[in-house]
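The structure appears right after this line, and notes come after that.
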Amino acid sequence: MSEQVQEGAAERIPLDLLDAGAVRKRARLVAAGGVIVAAAFGGVVGLLGGRLPGLITAAVVLVPLLLLAWSESRRRVWLQGSTVSVRAFGIRSVDLHHADQLDLLITDVRGTRTVGLFMQAGGKAINLALAIYAGTGGRELGVFPLRRLADTLAGSGDARGLVYSELLVAQLRAEARGEAAADRPLYRLGSLAPGGRLAQKLHPDAVSRFVTTLDS
């Protein structure tokens, strides 16, 4: 009976920022780009060294990119209990209640910024995308997943977890008030990161100070 209660309590909450259709489309773009890049490299080498070296070069370039596209199409993220898991080639899991590291990670690719929660425990790391912004709009993790994630972070008993929990709660309140994306906490934090860097972590003290300024 106790095992059935535990199974029921450990509901799996999807944490995928993009829906399955968007993920598959992105994977197809990666695969198509890989074919173009591999053909270009193979063509250059083929002109200089002959057909066989060109084919080998194309294969060496193409195979990793196809594997990347395949893993992208399989990628799923979920929260179960206090554990966040991500599936790609295999499954990596991080227990938020025993995390060694929690940081806000901002990535910037061609003007599109992704705000993610970087977590690490036991030598395993996951970057959980919370929101993607381009211009003054974007896509954010849904209300229910954010709420459960905030509750899990608050239950960690760790000061860092409490700060990020308060940040997510403030994000939910801003959405409930109907504030525009550019006025919400995650967007504002993402805007604090200097441009010109592919990925950067915001200093925990800066995040804490920002959270203290948010209206409750």
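The values are calculated or read from the model by the stated rules, or taken from the named source; none is laboratory data. In this text the structure is predicted, and so the values were computed from the model without any measurement. Don't worry about glycine lacking a Cβ; one is built from the backbone with ideal geometry, like all the others, and counts go over all protein chains shown. Please note that ligands, DNA and RNA were not included when accessible areas were found on the heavy atoms of the full protein model with its side chains. Shrake-Rupley method; radii C 1.70, N 1.55, O 1.52, S 1.80 Å.
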Looking at segment 94-109, I want the residues that are open to solvent by less than 30 Å² (accessible area, probe 1.4 Å) and have a partner that is of a type in the set (Val, Ile, Thr) and not in a strand (DSSP E or B) with Cβ atoms under 8 Å, at least 6 apart or on another chain. Which pairs are those?
Leu96/Thr152; Leu104/Val207
Consider segment 97-130. How many of its residues are outside any strand (DSSP E or B) and farther than 16 Å from His203 by Cα?
7
If you go through Ser165, Ser156, the only one that is assigned to a loop (DSSP other than H, G, I, E, B) and buried (at least 19 other Cβ atoms within 10 Å of the Cβ) is Ser156
One residue is enough: does segment 135-142 have a residue meeting the conditions open to solvent by less than 50 Å² (accessible area, probe 1.4 Å) and in a strand (DSSP E or B)?
yes
